[in-house]
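These notes concern the structure reproduced below.
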C-alpha cells in the first residue's frame, strides 16, 4: 500500500498541476474577454488578465499577510501572461469573444473548485477560524473576477448575475474542512472538495440554476 | 474614587460595546441598501454589507500592517452577517429601502464618531505621526462606505455628496489627540471625541449643511 | 575624482529631489483634474489627489510588505496636500481644467520616468525577480493613476487611452536593471533610465504615438 499511495498521489499531483494551469489560463481568458469588451489597449489587457488570474490569491495573501505571492515565486507566469495576451489580441478577433466566453466555462469551473479548496486549506493552515478560512477560499476563487470587473469599471459579475458561483465555493470550502476533520489527507480532501464543487458548477450552468434576489424585484 | 471610576469605566465599556454593535449594524445596513439598489444577488449583498461594515477597519489594519483583523478575531460577526443579510433580503421589501436609509442615519452618525476616534487612537498607539493617525481614523470611519460604493460600481457617496462627513471625522480625530495630549484617559477621550463628532453629524443632517464645491460649478 | 563624484552626486540628489517634488505635484494635479470633472467635494478632491500622488508607491509597498509608507515617513506631504487641494479649488476655476491637464503633461512625464526607475530599484533591492521588479516599477509609476480613476468611477485612462505610458515604464524598468547589471552606480542608472523614459514619453505625446488595439475593432 505504501508503494501505491505515493504513486497515486504523484499522478494526482501531475493532474492537479495540469488542472491548476488550465484553470489559471481560464481565469486569465476571462480577463481577456472583459478587456476586449471595454476595448482596452495592450497594457490594459495584460493587467486585467493578470488580475483575473492572480488577483484572488494575491488578495488572500495580503489579508493573511503571507509572502511571497504565487506570481513572485513563479515569475515565469508573468512572462507567460505578457507573451500570451498580446498574442491573443492578434489571433482572437473580437467576434470570437462570445465563443471564447462559452469555451472557458468548463476550465473556469475547474478553477472555482480547485482554488476554493486550496484557498480554504491555505487559510486554515495559517490558523484562521473555519468561517474565515472558507471566506478566504471564496476570496481566492472569486475575487480575481471581482477585481477584474472593478478594473474594467463594471459591476462585479459574481455579485449580480444571480448564478450560484461564490455560493458553491462556500460549500466547497466547508466540504474541504469537513473531510480534513475526518482525517482524510490533504491531497484527497482537496481532490474531493474540488471535484464536487466543479461538478455542482457545471450542473448549475447546464440546469440554469439561479439565486434568489430581492422579494419584490420586478 | 478608585472604586467609582472603574465602575464608570465598566458601564461606559458596556455602553461602548453597544454603540459599536449598533454602529456596525448601521454600516452593514448601508451596504444592504446599496446592494438592493443595484439588485445584487445574495452573495453580492453579503459581500457589500460585509465590506461596508468591516472594510474601513480592515483597510486601516492593512495600511498599519496589523493583524488579526477584527472579523478574524471575532469571527462570530461573519456568521451574523451571513445569517442577517439573507434574512433582510426576505423581510425587507425594496420599497422599504428609502425608509431604511433614513432609519440608519442616526446609528451611522454614532459609527462615524466612534470609529474615527477608535481608528485615530489605534494608529496613534501604533506610532503614527498625528496627521497620519487622524487620516487612519478617517479611513476607519469612512472607507467602508467608499469600498462599498466601489464594489457597487458607483461614485463614492462621501466624495461627492457635499455633506460634512469625513470632514467631521477629521475634527473628531484631532479632538481625540488633543484630549489625550491633555492627559485624559483613553476611554474618556474616545467618549468625548466620539460624542462631539456624532453630535456635529446629527446637527449637520438636521441643518442641511453642505461643503463648498468648485467655484464656478454651474 | 573622489572629490568630484560626491559633488556631482549631491547636485544630482538636489536635482532628483526637485524632480520628485515636481512629479508628485503633477500626479496630485492629475487627481485634482479628475476630481473636478466628477464635481467631487473637498474631501473627495483631497482623497483622489492624494491617491493619485501616493497610491502607486503605497500599493507597491503593500505588495512588497514594506513599511513605513513614503507619506507616513514624510507626513508633511499630507499637510501640503490638505492645504493645497482646497486652495486649488478656490483659485482654479473649472474652465482652467483643460489648460491644467495640458500643463501637467511635462512634469507627469518626469514622474513616469523617475518613479518607474525608483520603483524597479526598490523592488530589486527587496529581492524580487527581474520581471517582478519591473512590474513593481510600473505599479509605482502608473497605479496612482489607476486608483485615481477607480475612486472616480471611471475606466482607468492608462488601460484604455492607447497611449504608450505603462509600456514606457516597462522599458524604463528594464533599462535600469540593465544599467545596474553593467556595474553603473544606482544614482547614475536611475538618472539615465528616468531621462530616457521621460524623453520617450514626451516624444510619444508630440508624435501622437498610439498602441495597437484589437484587430477588428471598428
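The table below gives the values:
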item	result
For residue C:15: the one exception among (1) more than 10 Å from chain B (Cβ to nearest Cβ); (2) at pLDDT 85 or above; (3) within 23 Å of residue C:194 (Cα to Cα)	(2)
Boolean, residue B:47 is facing chain A (nearest Cβ under 10 Å), crowded, with 21+ Cβ neighbours inside 10 Å and over 17 Å from residue B:144 (Cβ atoms)	no
Residue that is farthest from residue B:73 (Cα to Cα), among those in the range A:58-70 that are modelled with pLDDT of 95 or more and part of a helix (DSSP H, G or I)	A:58
Verdict on residue A:106 being farther than 28 Å from residue B:156 by Cα, within 12 Å of the chain's Cα centre (by Cα) and surrounded by fewer than 24 Cβ atoms within 10 Å (Cβ to Cβ)	yes
Residue in the range C:28-37 that is out of contact with any helix residue (DSSP H, G or I) (no Cβ under 6 Å at 6 or more places or on another chain) and either within 21 Å of residue B:132 (Cα to Cα) or modelled with pLDDT under 95 (or both) present	yes
Test: residue in the range A:206-216 that is within 22 Å of residue A:24 (Cβ to Cβ), within 14 Å of chain B (Cβ to nearest Cβ) and free of Cβ contacts under 8 Å to residues at least 12 places away in the same chain	no
Test: residue in the range B:111-126 that is facing chain C (nearest Cβ under 10 Å) and either part of a helix (DSSP H, G or I) or surrounded by 24 or more Cβ atoms within 10 Å (Cβ to Cβ) (or both)	yes
Matching residues in the range A:153-185 - criterion: being in a loop (DSSP other than H, G, I, E, B), modelled with pLDDT of 95 or more and facing another protein chain (nearest Cβ under 7 Å)	A:153, A:154, A:155, A:156
Filter result for residue C:142 (more than 26 Å from residue C:33 (Cα to Cα), buried (at least 24 other Cβ atoms within 10 Å of the Cβ) and either under 14 Å from the mean Cα position of the chain (by Cα) or modelled with pLDDT of 95 or more (or both))	no
Verdict on residue B:56 being within 29 Å of residue A:58 (Cα to Cα), within 9 Å of chain A (Cβ to nearest Cβ) and crowded, with 18+ Cβ neighbours inside 10 Å	no
The range A:71-80, subset assigned to a helix (DSSP H, G or I) and within 8 Å of chain C (Cβ to nearest Cβ), residue surrounded by the fewest Cβ atoms within 10 Å (Cβ to Cβ)	A:79
The range C:81-103, subset exposed (fewer than 13 other Cβ atoms within 10 Å of the Cβ) and either in contact with a strand residue (DSSP E or B) (Cβ under 6 Å, 6 or more places away or on another chain) or modelled with pLDDT under 90 (or both), residue farthest from the other protein chains (Cβ to nearest Cβ)	C:102
Test for residue B:132: is it crowded, with 17+ Cβ neighbours inside 10 Å, free of Cβ contacts under 8 Å to residues at least 24 places away in the same chain, within 14 Å of chain C (Cβ to nearest Cβ) and over 13 Å from the mean Cα position of the chain (by Cα)	yes
Candidate set: the range A:90-102, residues that are assigned to a helix (DSSP H, G or I) and free of Cβ contacts under 8 Å to residues at least 40 places away in the same chain; chosen: the one nearest to residue A:172 (Cα to Cα)	A:102
Boolean, residue A:110 is in contact (Cβ under 8 Å) with a residue 60 or more places away in the chain and farther than 22 Å from residue B:51 by Cα	yes
Residue selected from the range A:19-44 under the condition free of Cβ contacts under 8 Å to residues at least 60 places away in the same chain and either outside any helix (DSSP H, G or I) or under 14 Å from the mean Cα position of the chain (by Cα) (or both), by the criterion surrounded by the fewest Cβ atoms within 10 Å (Cβ to Cβ)	A:21
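Results for (1) surrounded by fewer than 20 Cβ atoms within 10 Å (Cβ to Cβ); (2) more than 14 Å from the chain's Cα centre (by Cα), shown as yes or no for each residue.
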| residue | (1), (2) |
| --- | --- |
| B:160 | no, yes |
| B:170 | no, no |
| B:173 | no, no |
| B:180 | yes, yes |
| B:185 | yes, yes |
| B:194 | no, no |
| B:198 | no, no |
| B:207 | yes, yes |
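The values are calculated or read from the model by the stated rules, or taken from the named source; none is laboratory data. Just so it is clear, the model here is predicted, and its values are computed rather than measured. Reconstructed Cβ throughout: ideal geometry from the backbone, glycine too, with neighbour counts over all protein chains shown.
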